[in-house]
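Below: one structure, written as structure tokens.
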Amino acid sequence: MLALLVGTACFFMTRWLPGDLATRIAAGRYGYDLVGNDAADAVRAELGLDQPAWLALLRWWGDLLRLDLGTSLVTGQSIWREVAHQLGATLDLAVTTLVMAAALGLPLGVAAGLRAGGWLDRLTVVLAVVLRATPPFLLSVLLMLAVAVQLGMLPVAGDDHGGSVLLPALTLALGLAAGLARITRGAVRAAVGSPAFEFARTKGLSDRQALLRHGLRPAAVPVVAYLGVQAVLLVEGAVVVETLFAWPGIGHALVHAVFGRDIPMIQGTALCMGLLFVVFNLLVDAACLLLDPRRRMEGDAS
């Protein structure tokens, strides 16, 4: 049902976009400088774009029932093959971003939570406000100029170099790490204020030992939930960053498909994003249940 709704919505939204559909597809194939009326008419006849829209929609519904997403109107390649390649690139970017954000945000959050009100706690507030308020495109340009152009440490764009993923991942990770530090700080503060932590401290354990033994699991629940939501946003919302860095992910492909009016590709990428949203939410719920047995007990009681 999700696939049907997402695909149908994408179909109608693409059809309602301004401009001639055949001309846009021909431009995506041959380039805008080489497109004329003859090329547009040939594409219109080849793809049956002069037929009623409801007929094309019924044909796509039938292909979807056979798990066939069709072929790209621009490249002629299988949608399954192209989406699989693009999704792999997006997941590489998302995983690298999460690792960077966790390496930066978790230690800051734990330290700020154990020393609430200190200079580090106030610093994380400032970083969270500044980085979360900075638009991704502006942060991307600043990092390009500073890290790639001035320092020459990483490639500016593309995926030809082994470190090409680091700069776009860092762009996404900075804002995520700032928010993660504040979520971790709040979770650690709640764990530190719990009776179990206080009892551990009376037994002679240090703050670090008491947190590891008695506060880590309850503090991890909101952190995992936050990372799960952000992972969905990374997969579905990194369109700007992927486009600026020419990273061949699913967001970058979606932008090109919209410009080229490649309806099957738009439907395929949007469908993939919708399914990922469901899968990530299920994984996050399962992880939270494993970390917090009280949720399982509440579910059994109800």
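The values are calculated or read from the model by the stated rules, or taken from the named source; none is laboratory data. A quick note: this is a predicted structure, and the numbers were derived from the prediction, not measured. Every residue, glycine as well, gets a Cβ built from its backbone with ideal geometry; the counts of neighbours run over all protein chains shown. In case anyone asks, the SASA skips ligands and DNA or RNA and just uses the protein heavy atoms, side chains included. Shrake-Rupley method; radii C 1.70, N 1.55, O 1.52, S 1.80 Å.
Under the 0.36 nm per residue contour assumption, what length would be gained going from the current alpha-carbon distance of Thr8 and Val239 to full extension? Working shown, then result.
Details: separation 231, 0.36 × 231 = 83.16 nm, distance 2.15 nm.
Stretched fully, the Thr8-Val239 segment lengthens by 81.0 nm.
Hey, can you rank 178-184, 59-65 by average C-beta count inside 10 Å, highest first? Provide the component values of the computation, followed by the final result.
Numbers: 178-184: 24.0, 59-65: 14.1.
Answer by packing, highest mean first, reads 178-184, 59-65.
Report in % the part of the accessible area of segment 122-208 that belongs to carbon and sulfur, leaving out ligands and nucleic acids; probe 1.4 Å. Mind showing how you got there, number by number?
Working: 3110 of 4640 Å².
Solvent-exposed carbon and sulfur of segment 122-208 make up 67 percent of the total.
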